[in-house]
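Structure in structure tokens, see below.
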Amino acid sequence: MEYAFEMQCEDGGIEHEEITAESDSEAAKAAQEALESWIADGEWGDAGAIVSGLWTLYDSDGEEIDSGNVEVEIEPNHAALIRAAGGDTKCKHRWAAEGEGGLVENPGVWATGGTTLVICDHCEHCGLRRRRELTGSQRNPGECDTVSYSLPADEDDDDN
């Protein structure tokens, strides 16, 4: 059977597609998968994001037969973020949290309320610092985990 579906993304983008499927449920599954792929292929910047979208499925007469929504987590572009911080993207980073503060049993980790954790560590090879904020299960709509990178402070600057 022939179906049409519409995909909408939270940034205002809209696409219309047609699919062939054996059943309404198969068509609905295909529409959701197409929406997830369409969102994942978008340009969302280097920081990563959680992007929401809606799909609506229509039969050959144009009658709506199903709809749904998705949230797609876009992974940060770590290489671009490391480059922007002045870090070495060719380093085979080995992350360690020793000396980052926190508890002795759990160095570099802080609970900041609700289910949110901040995790700080550094590369044992190049010294690059990494800070991750993990929102956990109590995140707000559209809120996602974040990561940032920085170089260690130049100790020679303290002498000036």
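Might you report the magnitude of the Cβ-based charge dipole of the chain about its Cα centre, with Lys and Arg at +1 and Asp and Glu at -1, to the nearest 20 debye?
Magnitude of the dipole: close to 1000 debye.
Could I ask something else about it? Report in % the part of the accessible area of the chain that belongs to carbon and sulfur, leaving out ligands and nucleic acids; probe 1.4 Å.
Solvent-exposed carbon and sulfur of the chain make up 44 percent of the total.
If you take Cα Rg over 2.2 N^0.38 Å from the coordinates, which of (1) 1.00; (2) 1.45; (3) 1.07 do you get?
(2)
Please list, in chain and number order, the residues 5+ apart from Leu128 or on another chain whose amide H is under 5 Å from its amide H, with Hs placed from the backbone.
Answer set, sorted by chain and number: Cys123.
Let me ask something additional. Rolling a 1.4 angstrom probe over the protein heavy atoms, how many square angstrom per residue are accessible across segment 1-103?
61 Å²
In nm, to one decimal, how far is the modelled label at Thr146 from the one at Arg94, with both set 7 Å along Cα→Cβ?
For the pair Thr146/Arg94, the computed spacing is 3.1 nm.
What's the extension gain from Ser137 to Val104 if we count 0.36 nm per residue and subtract their Cα-Cα distance?
9.3 nm
222 nm [θ] for the chain, helices only, -39500 (n - 2.57) per DSSP H run of 4+, per residue, to 500?
-4500 deg cm²/dmol
Then there's this: If r is the Cβ-Cβ distance from Glu18 to Glu43 and R0 is 30 Å, what FRET efficiency results, to the nearest 0.05?
Calculated transfer efficiency: 0.75.
Using +1 at the C-beta of Lys and Arg and -1 at the C-beta of Asp and Glu, which of Ser148, Leu103, Ser67 has the Cα lying farthest in the positive direction of the dipole of the chain?
Value: Leu103.
Please sort 88-98, 65-75, 31-41 by packing, taking for each peptide the average over its residues of neighbouring beta carbons within 10 angstrom, highest first.
Put in order of decreasing packing, that is 31-41, 65-75, 88-98.
The values are calculated or read from the model by the stated rules, or taken from the named source; none is laboratory data. Computed from a predicted structure; not experimentally measured. Virtual Cβ from ideal backbone geometry, glycine too; neighbours counted across all protein chains shown. With ligands, DNA and RNA removed, areas are computed over all heavy atoms of the protein, side chains included. Shrake-Rupley method; radii C 1.70, N 1.55, O 1.52, S 1.80 Å.
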